[in-house]
1. Under the condition of being open to solvent by 60 Å² or more (accessible area, probe 1.4 Å) and either charged (D, E, K, R) or in a loop (DSSP other than H, G, I, E, B) (or both), which residue from segment 166-194 is nearest to ARG236 (Cα to Cα)?
2. On the given criteria, is THR129 open to solvent by 30 Å² or more (accessible area, probe 1.4 Å) and modelled with pLDDT of 90 or more?
3. What number of residues within segment 28-67 are within 13 Å of SER5 (Cβ to Cβ) and either part of a helix (DSSP H, G or I) or among the polar types (S, T, N, Q) (or both)?
4. Of the residues PRO106, PRO146, PRO113, PRO91, only one is more than 19 Å from ASN241 (Cβ to Cβ), open to solvent by 20 Å² or more (accessible area, probe 1.4 Å) and touching a residue at least 40 places away in the same chain (Cβ under 8 Å); which?
5. Taking the condition part of a helix (DSSP H, G or I), in contact with a His (Cβ under 7 Å, 6 or more places away or on another chain) and β-branched (Val, Ile, Thr), does THR221 pass?
6. Taking the condition aliphatic (A, V, I, L, M) and crowded, with 18+ Cβ neighbours inside 10 Å, does ALA51 pass?
7. Out of (1) out of contact with any Ser or Thr (no Cβ under 6 Å at 6 or more places or on another chain); (2) surrounded by fewer than 19 Cβ atoms within 10 Å (Cβ to Cβ); (3) more than 19 Å from GLY199 (Cβ to Cβ), what's the single condition that is false for ALA67?
8. Could you tell me which of the residues ALA218, ALA223 is modelled with pLDDT under 90 and over 30 Å from LEU17 (Cα atoms)?
Amino acid sequence: MTTISVVIPARNDAPMLAACLAALACQSRPPEEIVVVDNGSTDETAAVCAAAGVHRVYLEVPGISGATAAGLDAASGELLARLDADSVPPPEWLAQVEKILTAQGPYTAVTGPGDFYGGNRFTRWVGRTIYIGGYIRVVGALLGHPPLFGSNFAMPATMWEQLRGLVNRDLPQVHDDLDLSYQIRPWMSVLYDPKLRVGVSARPFDSLSGLRRRLVMAWQTFALDFRGEPPLARRRARRINRPPHTRPTGPG
């Protein structure tokens, strides 16, 4: 039987983390392990983890990239699934993840979109159309494969083992999912499955400053990654070592 670990970075998001863990407790295919990376929280995050009986990793230095990497390092499952503290996965989410990844090779990740909750109709539209829609299309065209969406992705542990030394862990201004997407090696694949959905809070789009902060982080992440590996060289390497075609295998 394949084992699954779910990794959740969290910083001062105790109520949303509790809702996320409650949703994971209702999965039709429960995880063998849940790893919450408490990224220097000063709220009730530790108590929420203790009440849910999950593995809590404390990381004092703030930064989503370092927190995600620490959680993936600590996880023991053969498949590593990633949520944010404000993610609310539907009951079949992990069953879909397992079905998709076990049908693919050891170096294929899967990601899907978010259904935004909270906010108002306009902020949810911004999140769905501009943020996720633009991210998948524009960044995907640059990368030559779909980017990972941090609130909803999974990969085999064998894939993370080859990527863990490449990600940027120490800079708080780095988007972990964007940086990890850029580190995907030419022989690896990312499968975007629009049916693999989770609920995601629309709060980052409640203000222009919140949206601007995320866009600035994206630019800073790209600037860092471009220095390490120019995008044209990266695309050229992918053409030479094109991975096998992947396709969704979820229900429906």
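1. TRP187
2. Against the criterion (open to solvent by 30 Å² or more (accessible area, probe 1.4 Å) and modelled with pLDDT of 90 or more), THR129 does not qualify.
3. Selection size over segment 28-67: 0.
4. Answer to the selection: PRO91.
5. yes
6. Spelling it out, it is not the case that ALA51 is aliphatic (A, V, I, L, M) and crowded, with 18+ Cβ neighbours inside 10 Å.
7. Result: ALA67 passes all but (2).
8. Result of the check over ALA218, ALA223: ALA223.
The values are calculated or read from the model by the stated rules, or taken from the named source; none is laboratory data. Source: prediction; values computed, not measured. We place every Cβ from the backbone using ideal geometry, glycine too, and count neighbours over all the protein chains shown. Surface areas here come from the heavy atoms of the whole protein model, side chains and all, with no ligands, DNA or RNA. Shrake-Rupley method; radii C 1.70, N 1.55, O 1.52, S 1.80 Å.
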